[in-house]
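What follows is a set of notes on a single structure, which appears directly below.
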Amino acid sequence: MQDEVARCLALLAREIEAHRGDPRARRVTPAISSREMRRQIENRYGDLSRGRPLRELTAEMIRLLREWNVQITHPRYFGLFNPSVKPASVVADALVSLFNPNLAARAAAEGACVLERFTLERFLGLLGFPVETSEASFTSGGAEANHQAVLTAMAHRFPRAIEEGVGALDRRPVLYVSADAHGSMAKAAQASGLGSRAVRRVPLDGRRRMDPEALGRLVSADRAAGLEPFLVAATAGTTAAGAVDPLEAVAIVAAREGLWLHVDAAYGGIALLSRRLKPLLSGIEQADSVTWDAHKTLSLALGAGMFFSRHREAVARAFGIEAGYMPRSAEGEEDPYATTLQWSRRFLGLRVFMTLAAEGTSGLAEDADRVAALGHELRARLTQAGFTLLNDSELPVVCFTHPRIDAGEVRGLDILDRVLRSGRAWISHVSLSGRFALRACVTSYLANEADLDCLVEEVRAALNGVGRE
Ligand SMILES: *Cc1c(COP(=O)(O)O)cnc(C)c1O
């Protein structure tokens, strides 16, 4: 049995090496249909009544992971905000699975809780929040952090609703996001009893950022109509175009109108690590709460979002609960199950701590700067190749089209299809105020200029190929 485990670990080690070695030798996209995948799985595992050797299983699952999914850790995955993963994160996750601490209650996982708090305080420092008195937690991702933000703001502003429900309020609460905000804000409104109609979409300025004057006008109009504005969520790094809402100007409106200011920096938070990019987020230190996804830009595995709030009492009100069966923590110490949405809690912070400690903040800042610079390089190459840029973010999200797409000569989606089928790169598409755009985001710390050349070449080849069909 011990040999069997050792052999599995050897396979694992080999795979980790392969990821560091030459990931470019592999396709980015799978070349097999989901029907065929299902057929193979039925064939192989239709009978699960008896166990099988772990080593064999490991080898087969490595093949599944390598060949049946889009390889988001590939340097030419220019996709949504999914990074290549550093080895420290992989090691951290293996250790967490092995020891399996449950961080619901401090008393049963004191060391893990202390290390998580230590780690989160580093991020609080970067945000400019009061480190001693602010609340912070790891979440499964940005969506859960945004949900916590909405619930915390409600607990702060409408304490009565925590006991009596939203229906007990005299006026209907409404919140504000930009037209390009992430869908998880609306989902949080749906799931918290506010309703999706409570989400007001503020128009964008010419750079796809929330227009703070339009925000002020919407708030006044809603108030006059008998509604209760309570929260504005600015986005730092939109998913569509990498835009950063003007945080300082939004903060002024929030202060004037008495709104809770949430900043969704799920993606853009990374700017705080880089001396060059940091000014982009100036104003974030005034927020009441912040979302920042470690798993989007810190080159670590999925499942590590972060939530920060300077209002500890509101967090306690939103999530506080009595449970006689939980281990008791020391006087004055809050347990994670009573300050967050989750109950049983995986040690999510270890992969963040280990990546941070292994790379150092300077290493991660260098990655951030290099990836941002590649974004500018990609813009230059696309322009040179005759494409039209549709956004101008400092963050490496590049939205583009081509005069022949605009003229209706070729369909943008056909070009996208061809690029994906080539297996040489992955990009996506996005609708910018109704206009079709191809979207390429540099997400991997492994990406280099040759990868950009390859991408531009593939998109050009697709454009010409589609034209000839
Ligand atoms: C990705 C993203 C989210 C959602 O985060 P998950 O980690 O996917 O749950 C929220 N807001 C923004 C701006 C995002 O880019």
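Laboratory data are not the source of any read-out in this text; all were calculated from the coordinates shown. Not measured: the values here are computed from a predicted model. Neighbour counts are summed over all protein chains in view; Cβ atoms, including those assigned to glycine, are modelled from backbone coordinates with ideal geometry.
Using the C-alpha gyration tensor of the range 263-343, what are the square roots of 5 times its eigenvalues, in whole angstrom, with the largest one first?
30, 16, 10
Relative to 2.2 N^0.38 Å, what does the C-alpha radius of gyration of the range 178-272 come to as a ratio? Two decimals please.
Taking the Cα Rg and dividing by 2.2 N^0.38 Å, one obtains 1.03.
At R0 = 25 Å, how high is the FRET efficiency between Leu80 and Phe118 if r is their beta carbon distance? Nearest 0.05 is fine.
That pair, Leu80 with Phe118, gives E of 0.25.
Any idea what % of Cα-Cα pairs in the range 90-189 are farther than 17 Å?
68
Once you have the Cα-Cα distance between Glu457 and Arg39, take 0.36 nm times their residue separation minus that, and quote the gain in nm to one decimal.
Taking 0.36 nm per residue and subtracting the Cα distance, the gain is 146.9 nm.
What FRET efficiency comes out for the pair Trp68/Ala13, r = Cβ-Cβ distance, R0 = 22 Å, nearest 0.05?
Calculated transfer efficiency: 0.50.
Taking every DSSP beta bridge that has both residues in the chain, what percent is antiparallel when rounded to the nearest 5?
55
Tabulate in residue order the Karplus-calculated ³J(HN,Hα) for the range 97-104, using 6.51 cos²θ - 1.76 cosθ + 1.60 with θ = phi - 60°, rounded to whole Hz; enter x for Gly and Pro.
5, 5, 7, 6, x, 10, 8, 4
Please get the size of the charge dipole for the chain, origin at its Cα centre, with Cβ charges of +1 on Lys and Arg and -1 on Asp and Glu, quoted in debye to the nearest 20.
1160
With each label point set 7 Å from Cα along the Cα-Cβ vector, what nm distance links Ala224 and Glu163?
Going from the Ala224 label point to the Glu163 one covers 3.7 nm.
Could you tell me how far the Cα centroid of the range 127-199 sits from the Cα centroid of the range 299-350, in Å?
Centre-to-centre distance over Cα atoms comes out at 16 Å.
Under a 5 Å amide H to amide H cut-off, with H placed in plane at 1.01 Å, what residues pair with Ser178 once short-range neighbours are removed?
Here the answer is Val202, Thr235, since their amide H atoms fall under 5 Å of that of Ser178.
In whole angstrom, how long is each semi-axis of the equivalent ellipsoid of the range 278-417, when you take the square root of 5 times every eigenvalue of its Cα gyration tensor and sort them from largest down?
They are 43, 19, 16 Å, listed largest first.
Give the peptides 440-447, 45-52, 10-17 in descending order of average Cβ contacts within 10 Å, highest first.
So the peptides 440-447, 45-52, 10-17, ranked by packing, come out 440-447, 10-17, 45-52.
What Kirkwood radius, in Å to one decimal, follows from the Cα pairs of the range 305-380?
For the range 305-380, the Kirkwood estimate is 16.1 Å.
For the range 100-355, give the magnitude of the charge dipole about the Cα centre (Cβ charges: +1 Lys/Arg, -1 Asp/Glu; no others), in debye to the nearest 20.
That gives the range 100-355 a dipole magnitude of about 680 debye.
Could you check the simple spin-label distance between Arg404 and Asn102, using points 7 Å along Cα→Cβ, in nm with one decimal?
Rounded to a tenth, the inter-label distance reads 6.0 nm.
Tell me, what is the FRET efficiency for Glu334 and Asp170 to the nearest 0.05, using R0 = 30 angstrom and their Cβ-Cβ distance as r?
It comes to 0.45.
For the chain, what mean projected area does the convex hull of the alpha carbons give, in nm²?
If you wrap the Cα atoms of the chain in a convex hull and average its projections, you get 25.5 nm².
Per residue, what volume in Å³ does the Cα convex hull of the range 100-355 take up?
120
Over all Cα pairs of the range 334-469, how is the pair count split among 10 Å bins, expressed in % and running from 0 up to the last occupied bin?
Going out from 0 Å in 10 Å bins, the range 334-469 shows 11, 34, 24, 17, 11, 3, 0 percent.
Compute the length gained on full extension between Ala316 and Glu60: take 0.36 nm times their separation in residues and subtract their Cα-Cα distance, giving the result in nm to one decimal.
Stretched out fully, the Ala316 to Glu60 stretch lengthens by 87.6 nm.
Could you work out, for the range 210-340, what percent of all Cα-Cα pairs fall into each 5 Å distance bin, beginning at 0 Å and stopping at the bin that holds the largest distance?
Per 5 Å bin, starting at 0, the Cα pair percentages come out as 2, 9, 16, 18, 16, 15, 12, 7, 4, 2, 0.
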